[in-house]
Amino acid sequence: MRSPEPCLPAPARLAVVALLLAALIGGAVGVDGYGRARRLHMKNKVLEMFYHAYDNYMTYAFPHDELKPLTKSFTDSLSELGNLNLEHLPQDYNGSALTLVESLSSLVVLGNITEFERGILWLSENLTFDVDARINLFECNIRLLGGLISAHLLAKDYSSQLKDEPYQDQLLHLAESLGNRFLPAFETPTGLPYAWINLKYGVMENETTETSTSGCGSLILEMGVLSRLTGDSRYEAAALRALRKLWSMRSSLNLVGTTLDVLTGKWIEYSSGIGAGVDSFYEYLIKAYILFGSDEYWDMFHSAYLAVQKYFRHGPWYHEADMRTGEATHWQLTSLQAFWPGLQTLLGDVAAANLSHREFYNVWQRFGVLPERYLLDYGVLHPTEKYYPLRPEFAESTFYLYQATKDPWYLEVGETIIGSLNYYTKVDGGFASVRDVSTMKLEDHQHSFFLSETCKYLFLLYDDSFLRNQNYIFTTEGHPLPVRSTWHAKFPATHVLSNWTFVKDENQPIRVSALSSQVCPETVFRKSIGSPWESACHVPDVYASHRCRTDDDCGTEAVTCKKRTCSMAGYCSLWLVIY
Ligand code: DMJ
């Protein structure tokens, strides 16, 4: 099948993404009908949660990797991440302060520069990656490398607030040391990296050649930024080569599989979806485009996104399908999939995001949290994957949707999430994962992403002051990276991105909403199959730009058949009439 044409020409798409970013981070407090006192109360609740998790980690687990909150002890889990069978565990590894590294960017978002600086000083003096530990490249990349480069950039930006001594790029040096240890993993005939590497000795003899799509397709943000910061192009080149190879392995339907062999470049598992093993591959294509501005990322993302919407989507749900035929394979909701509405919001497909988000919320309300896997065809829990390890994805999507719509309903969803986390998972020694959502029995593990993502997105729901002066994208682990003209293929070096206003034409600053995007898949499919509308009720907006003066300029939404209305920002939108 021929790849569909992009809806917008490249420069216009770039403008749309920049406008979306501006819209997403613009934040007027108090205009959405959600009371200031209530907002402050919720913000304080999230602060309490973060510090309960952080202080317990620092007391009982630091400098080991993660906290065991039930026994108030620790686990050196870096070498266990992704290692389901717990193979080749190191004998002499005492942790890399993983949770501290993961907490640094959150400390800045929460406004605690003193503790941020304390963490930097400790890591500068004590952290080394010269350890005999076999680690998962993907996990180490998103958690440690991402945590370090994000904190490095924040340390530079907040340097005037650091008290002790001038910051001298210590975190960047650590990141570089880690990046160098990643490089041998990419020395394969295909350029696809091994999933596992020993930090001290490189790829082990007889190492498994099996990896996942997300494992080799979500490295470009961290390794790309590392190259931009160090001037050493090897990291970005290695990640990009792997991504290109992966994309070249897609099927004629523009679908990818879930697992593959790095030596042969052949798929092992043809069934895939938007959840485990694939999720952040999609996320990094769009975010790499936003960060680096290369059309290549957009073209990959656009084709991949359309294929997902065409072959995986079933109303608000996303099932799995065989990449070769597009036939449905597994009808399951997974907790990891809950990031998708956030990605769609970033893209501007807010109506679709909204629809799925509501369904995830229904499941959350039914169980109190999101189960790892839920069988859509039977409406029951998966027999073994009944756990909830404090995952952030649903909070993340709620944050994006609130930023795009300013609909206070999302703040109420945040209240539910916060209420559940405190009620079910808070224990004296921190926050514990749920082992089984049907009994709410707990497990002795506080994952580091609870501090880097879950608490961060919940905090940003109620206080987005961190986002006011700078455009950021968040890595898949929630670490912010600034969108800079100097790293960007499109923005002139002198261009400064600003909130809410973006100079589109020479003299015309405009305000935009996320709904200004024209990347909706329906438009493309309509064109390609030559049929006028996808659904009988669909009435297009009067202007292709979706701009409007009154509600009369707005049409009817294809999926829900609801009438769109003219938003305060002057764009036709659906969400105003849903809630
Ligand atoms: C995080 O480590 C990252 O978000 C990753 O991409 C998958 N999900 C976990 C948390 O659920």
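Cross-link pairs exceeding 24 Å between alpha carbons, from the set LYS287/LYS456; LYS43/LYS406; LYS156/LYS426; LYS43/LYS386; LYS287/LYS490; LYS68/LYS426: LYS156/LYS426; LYS43/LYS386. Ranked by the mean number of other Cβ atoms within 10 Å of their residues, highest first, the peptides 414-427, 288-301 fall in the order 288-301, 414-427.
Sequence-ordered 3J(HN,Hα) estimates for the range 217-231 from the Karplus curve with 6.51, -1.76 and 1.60 and θ = phi - 60° stand at x, 10, 10, 5, 5, 5, 6, x, 5, 4, 5, 5, 7, 9, x Hz, glycine and proline given as x. Here the range 125-196 was treated as a single set of alpha-carbon atoms; its pair distances binned every 10 Å from 0 give 18, 44, 25, 11, 2 percent. Accessible surface computed residue by residue for the range 237-300, with neighbouring protein chains in place and a 1.4 Å probe, gives 28 Å² per residue. Between amide H atoms placed 1.01 Å from N, distances below 5 Å from LEU381 occur with LEU375, all of them 5 or more places distant or on a separate chain.
Tell me, what does the Kirkwood hydrodynamic radius of the range 118-162 come to in angstroms if you use every pair of distinct C-alpha atoms? Mind dumping the intermediate values first?
Details: mean 1/r = 0.0834 Å⁻¹.
That comes to 12.0 Å for the range 118-162.
Working from the Cα coordinates of the range 12-483, the gyration tensor eigenvalues give, after taking √(5λ), semi-axes of 29, 28, 24 Å in decreasing order.
Could you order peptides 123-135, 91-103 by the average number of other Cβ atoms within 10 Å of their residues, highest first?
Going by the mean number of other Cβ atoms within 10 Å, highest first, we get 91-103, 123-135.
Projected onto their three principal axes, the Cα atoms of the range 244-356 cover extents of 39, 35, 22 Å, largest first.
One Cα centroid belongs to the range 210-229, the other to the range 367-390; the line between them spans 30 Å.
Residues whose amide H comes within less than 5 Å of that of ILE135, counting only those at least five positions distant or on another chain, are ILE197, ASN198, LEU199 (H built at 1.01 Å from N in the peptide plane). A cut-off of 5 Å between modelled amide H atoms, ignoring neighbours fewer than 5 places along the same chain, links PHE74 with LYS68.
Using a ≥ b ≥ c from the Cα gyration tensor of the range 176-310 (square roots of the eigenvalues), is it rounded, prolate or oblate, where a/c under 1.5 gives rounded and otherwise the larger of a/b and b/c decides, a/b for prolate?
Numbers: a/c = 2.19, a/b = 1.19, b/c = 1.83.
Verdict is oblate for the range 176-310.
The values are calculated or read from the model by the stated rules, or taken from the named source; none is laboratory data. As the structure is a prediction and not an experimental result, all values here were calculated from the model. Here the Cβ is made from the backbone with ideal geometry for all residues, glycine too, and neighbour counts use every protein chain on show. Areas reflect the complete protein model, heavy atoms only, side chains present, ligands, DNA and RNA absent. Shrake-Rupley method; radii C 1.70, N 1.55, O 1.52, S 1.80 Å.
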